[in-house]
Amino acid sequence: MTPLPSAVPAPAPANVTALRRDRRRGPGIGTAITIAALAILCLVWLVPLVGLLVSSLRTREAVLSSGWWTALANFMSEEWSLANYQSVLRDDGFGQAFLNSLVITIPTVLLTATVAMFAAYGFAWLRFRGRDALFYLMVALLVVPLQVAFIPLLRLYNTVGLSYTWGAIWITHTMFGIPIALMILTGFVRGIPRDLIEAARADGATHWDTFRFVVVPLASPAIAAFCVFQFLWVWNDMLVALVFLGADPEHRPITVALQLLTGNRGQDWHVLTAGAFISLIVPAVVFLTLQRYLVRGLTAGSVK
């Protein structure tokens, strides 16, 4: 009997061979340039943040006599203190302002995401007359400056007794956040495979069951991405809060408190840096914590 020929491995495709060769060579010039550009960009953003943190931990005399980089150079001999944070939280009302910002931001984010998610399901999977025209009209509101709505809303709130209340700021931020929420969530909900929706309906699911058990779990990355955007917008807002809540210590958020601190103690850099760092620590934590959900929500609908 003639012996069987030994198995000879098939040659790898050309693209696979080129990919292996590129991996052995390491990152190319384009990748190196990209990494260098990102490193420079991160450095540009981190240097002021580090300077802000270092200055907030120094005494008034040290801040006025030398730059924050000298404190890093003499780290062991520098006098560090939390007195600036204690002063700004106790004497300048930043503790109450911090809580007020949470009271404003968290209900607004939850209310906007809930309303926008119901509307996105309706625009994506319900058929009714004028659906597309209404959707385009809602998204077109993005081009309308929010400042033009201040006087009509103030008159309306005065009429119904909502002036300078939490309800006024919640409703206002929700209305201003609905258009961008619809633009983000409706496109994502429309990208859900129709087979899943039809399968749920074939099993006897109502619109509420389909929305709760199919659409919301699949759209969670987009919901998380929008919540991050809305949280950062509401937390960093000063104009809307100042118009609809005023500068009352019981209601003013941390942005209004920081603006008042700048006017009252404009020369006290050690106190200003402490107040500024308190105002940005929550957005930084939220962004870093939900960063992966933000990226997933922005890219989930791009590739199917």
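A few notes on this one:
- Per-q log10 I(q)/I(0), the range 86-299, q = 0.11, 0.14, 0.15, 0.16 Å⁻¹ (Debye; single scatterer per alpha-carbon; no solvent): -0.63, -0.92, -1.01, -1.10
- If you plug the beta carbon distance of ALA149 and ALA73 into 1/(1 + (r/R0)^6) with R0 = 51 Å, you get a FRET efficiency near 0.50.
- Where labels lie 7 Å past Cα in the beta-carbon direction, separation of ASP91 and SER220 in nm: 4.8
- The distance separating the Cα centre of the range 223-250 from that of the range 187-203 comes to 34 Å.
- Descending Cα extents along the principal axes, the range 62-147, whole Å: 73, 27, 27
- Counted by neighbouring Cβ atoms within 10 Å, the residues THR210, THR108, THR114 run from fewest to most as THR114, THR210, THR108.
- Computed over the range 139-226: relative contact order in percent, which uses C-alpha pairs under 8 Å that are six or more apart: 32
- Within the range 65-156, the chymotrypsin sites (Phe, Trp or Tyr not before Pro) that combine a DSSP coil assignment with at most 10 other C-beta atoms in a 10 angstrom radius are PHE75, PHE128.
- FRET efficiency, 1/(1 + (r/R0)^6) with R0 22 Å, evaluated for LEU99 and MET238 via beta carbons: 0.85
- Added length on full extension, which subtracts the Cα-Cα distance from 0.36 nm per residue, VAL139 to ILE106: 9.5 nm
- Euclidean distance between Cα centres, the range 55-100 to the range 127-144, Å: 50
- Computed FRET value (nearest 0.05) for LEU288 with PHE118, which takes r as the C-beta separation and R₀ as 41 Å: 0.85
- Ellipticity at 222 nm from helices only: DSSP H runs of n ≥ 4 in the chain, each -39500 (n - 2.57), divided by the residue count, give -22500 deg cm²/dmol.
Every number in this text was worked out from the coordinates using simple rules, so none of it is lab data. It should be emphasised that the depicted structure is a prediction, and the values quoted were computed from it without experimental measurement. Using ideal geometry, Cβ is built from the backbone for each residue, glycine included, and neighbour counts are taken over all protein chains shown.
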